[in-house]
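Participant: Can you read through this structure? Questions will come right after.
Just so it is clear, none of the values below were taken in a lab; they were calculated from the coordinates. Source: prediction; values computed, not measured. Here the Cβ is made from the backbone with ideal geometry for all residues, glycine too, and neighbour counts use every protein chain on show.
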Amino acid sequence: RNRSIFSYVRKGKGEENLTVVLLNMTPASYGECVFNVPLAGRYRLIMNSDAVRFGGTGFGGLDQGDPVFWTEEDDGDSPARLRLPLPPLAGIYLEYEGKEED
């Protein structure tokens, strides 16, 4: 199904230095979306263009606190997957923080 949702990974110098970028180019919001990611572990929200402070809707509670998302095991297509809300007309940036809990 074509939803005009795009995702990509921005890799840094180290293997674990990466940022996942999720873009929703439609006015529709999604309460739960699943995205394949290259590394299992913890991802911290570093930017949400739908945040209220940027004039957005604050959809999905992503404005509250410092949201962190843990990956789930995948079915074989990639090492892991993330499940999170996706706001309308927004860009979400998640930074990989590793496998261990602090």
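Participant: Could you list the residues of region 50-70 with an amide nitrogen less than 17 Å from a label point located 7 Å from the Cα of residue 81 in the Cα-to-C-beta direction?
Facilitator: Inside the label zone: 69-70.
Participant: Given the alpha-carbon gyration tensor of region 1-55, what are the semi-axes of its equivalent ellipsoid in whole angstrom, ordered largest first, with each equal to the square root of 5 times an eigenvalue?
Facilitator: Gyration-tensor ellipsoid for region 1-55: 22, 15, 10 Å.
Participant: Another question about this same structure. Give me the net charge of residue 18's neighbourhood, meaning all other residues with Cβ under 14 Å from the Cβ of residue 18; Lys, Arg count +1, Asp, Glu -1.
Facilitator: Taking every other residue near residue 18 into account, the sum is +2.
Participant: Separate question: Would you kindly state the longest site-free stretch of the chain, with sites defined as trypsin sites (Lys or Arg not before Pro) in a DSSP loop (not H, G, I, E, B) surrounded by at most 14 other Cβ atoms within 10 Å?
Facilitator: The answer is 14-98.
Participant: What Kirkwood hydrodynamic radius do you get for the chain when you take the inverse of the mean 1/r over all pairs of distinct Cα atoms, in Å?
Facilitator: 13.9 Å
Participant: To continue, here is another question. Hey, rough spin-label estimate for residue 23 and residue 7, points 7 angstrom out along Cα→Cβ, what's it come to in nanometres?
Facilitator: Here the answer is 1.6 nm between the modelled labels.
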